[in-house]
Amino acid sequence: VEVARISDFGQNDLRFLVRSHLGNILKPGDLALGYVLYGANITDVEAEKCRDLLPDAVLIEKKCQQPVTKPQKKNANPEYLEFLRDLEKNPEAMFNLSLKCG
């Protein structure tokens, strides 16, 4: 996978070629979260010896363009669903709720 940091767009042409488990998921233009190890400050003497074996970047996960929403239960109470819709329309009402058990 060929990746570039968002902060590098328009500044330089620095791109990294990394091997990743996300190779079959990512498509051109997708965003991914990860760590850039290129230029990292390594203070351990043993790790410094193996620096050339470390990848330039490590991808962790694909970042979704749209937030993933939970599917609604099909057998949910219609009154409860209406209550949730009302709360979405008026979020200030959430602070005026009085919950009573029994």
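May I ask you to list the residues in the range 1-34 that are surrounded by 13 or more Cβ atoms within 10 Å (Cβ to Cβ) and polar (S, T, N, Q)?
Correct list: 20 only.
Would you call residue 35 at pLDDT 85 or above and of a type in the set (Phe, Trp, Tyr)?
yes
Tally the residues that are touching a strand residue (DSSP E or B) at 6+ places or on another chain (Cβ under 6 Å) and farther than 18 Å from residue 65 by Cβ, restricting the search to the range 1-47.
8
So residue 9 ticks every box in (1) over 17 Å from residue 58 (Cβ atoms); (2) of a type outside the set (Asp, Glu); (3) at pLDDT 85 or above but one. Which box is left unticked?
Evaluating residue 9 over (1) over 17 Å from residue 58 (Cβ atoms); (2) of a type outside the set (Asp, Glu); (3) at pLDDT 85 or above leaves (3) as the failure.
For the range 45-102, name all the residues that are among the small types (Gly, Ala, Ser), within 30 Å of residue 17 (Cβ to Cβ) and at pLDDT below 80. Break it down stepwise before answering.
Initial filter on the range 45-102 (among the small types (Gly, Ala, Ser)): 47, 57, 76, 93, 98, 102.
Now narrow it down to the ones that are within 30 Å of residue 17 (Cβ to Cβ): 47, 57.
47 - this is the single residue of the range 45-102 that is among the small types (Gly, Ala, Ser), within 30 Å of residue 17 (Cβ to Cβ) and at pLDDT below 80.
In the range 11-52, which residues are in a strand (DSSP E or B) and among the small types (Gly, Ala, Ser)? Show your work before the answer.
Applying the first criterion (in a strand (DSSP E or B)) to the range 11-52 yields 16-17, 31-36.
Selection gives 32, 34.
The values are calculated or read from the model by the stated rules, or taken from the named source; none is laboratory data. If you're wondering where the values come from, they're calculated on a predicted model, not measured in any experiment. All Cβ positions, even for glycine, are placed from backbone atoms using ideal geometry, and neighbour counts span all protein chains on display.
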